[in-house]
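Read the structure below first, then the notes.
Quick note: the coordinates plus some simple rules give every number you see, no bench work behind them. As the structure is a computational prediction, the values presented were derived from the model and not from experiment. Reconstructed Cβ throughout: ideal geometry from the backbone, glycine too, with neighbour counts over all protein chains shown.
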Amino acid sequence: MLAWEEEQLIHVGAEAAVSSGRFLGLPAVRKIRRPRAYRNPALDRRLTTHRMSSEAKMLARLSSSSLPVPRLLACEMSSGIMVQSLRLGLQLVDVLRDGKSDVESLMKKVGFNIRQLHSVGAVHGDLTTNNILWDEQQGVSLIDFGLSQWTTEVERMGLDLQVLSECLSASHPEYGDALAWVFQGYESANDLPYNGSDLPPASAADVIARYNVIRGRVRYHS
Ligand SMILES: Nc1ncnc2c1ncn2[C@@H]1O[C@H](COP(=O)(O)OP(=O)(O)O)[C@@H](O)[C@H]1O
Ligand SMILES: [Mg+2]
């Protein structure tokens, strides 16, 4: 892609290969869609194109907000390439394993930023500790919006918290209070303006109440 200067490959996942570099001189990452060998090629293209287009649209719409998410710099659907601004930091999964940070204050900031995302009428859809970055200077970043949606529904927002809760208890059981800190940050956040035409986003208290209902459902069925 014109204007892209590659630095290094940083991640090869099931669906995308990500490298860091510069785009028009700006620190950036490039995501390239990867075909999955074991899937039907036409279905594969549809799914990954759908995810790439969801991510590109979400980042474009969030770019005028103050949210700590990448800016969309370029996107070429036909070749499955997207360029975003580089967010600094390590994945939360590694920060927690490392155990050197103030986890309480970090998790409160994570909750704060999730609430601000919800308050503009967006849900992330895949809130694991791989998709949250932490950097001393830049703070928390939310990345990987391929499963995101524009919605103000309480259920979808509760599910975001449920996904994070599952991830924390499965991968970071040593931080038994982590979710409570996330919720404290979530409830303390000041909501950003909502500019959509649906009902306004569910309140923080309603989302946490719904999370508890969802958790009850999950327990009951497992
Ligand atoms: N904008 C970005 N800034 C910094 N690192 C990024 C950015 N986007 C992706 N990454 C890095 O690449 C990894 C994979 O990207 P991600 O968007 O999560 O794709 P996948 O769908 O493969 O999980 C992330 O976990 C992160 O380490
Ligand atoms: Mg990811």
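Of all lysines in the structure, the ones whose alpha carbon falls short of 29 Å from that of Lys57, not counting any fewer than 8 places away in one chain, are Lys31, Lys108, Lys109. Using the Cβ-Cβ distance between Leu47 and His11 with R0 set to 22 Å, the FRET efficiency works out to roughly 0.70.
Which of rounded, prolate or oblate describes region 4-85 when judged by the alpha-carbon gyration tensor and an a/c cut-off of 1.5?
It is oblate, given that a/c is not under 1.5 and a/b is not larger than b/c.
Overall shape: oblate for region 117-222, with the ratio a/c of the largest to smallest alpha carbon gyration tensor axis at 1.5 or above and b/c at least equal to a/b. Taking θ as phi - 60° and the Karplus parameters 6.51, -1.76 and 1.60, the scalar couplings of region 58-73 work out to 4, 5, 5, 6, 7, 5, 8, 8, 8, 5, x, 10, x, 8, 7, 9 Hz in sequence order, x denoting glycine and proline.
Inter-label distance, Gln137 to Asp198: 3.7 nm, where each label sits 7 Å from its Cα along the C-beta direction. Using the Cα coordinates of the chain, the gyration tensor eigenvalues translate into equivalent-ellipsoid semi-axes of 28, 20, 19 Å, sorted from longest to shortest.
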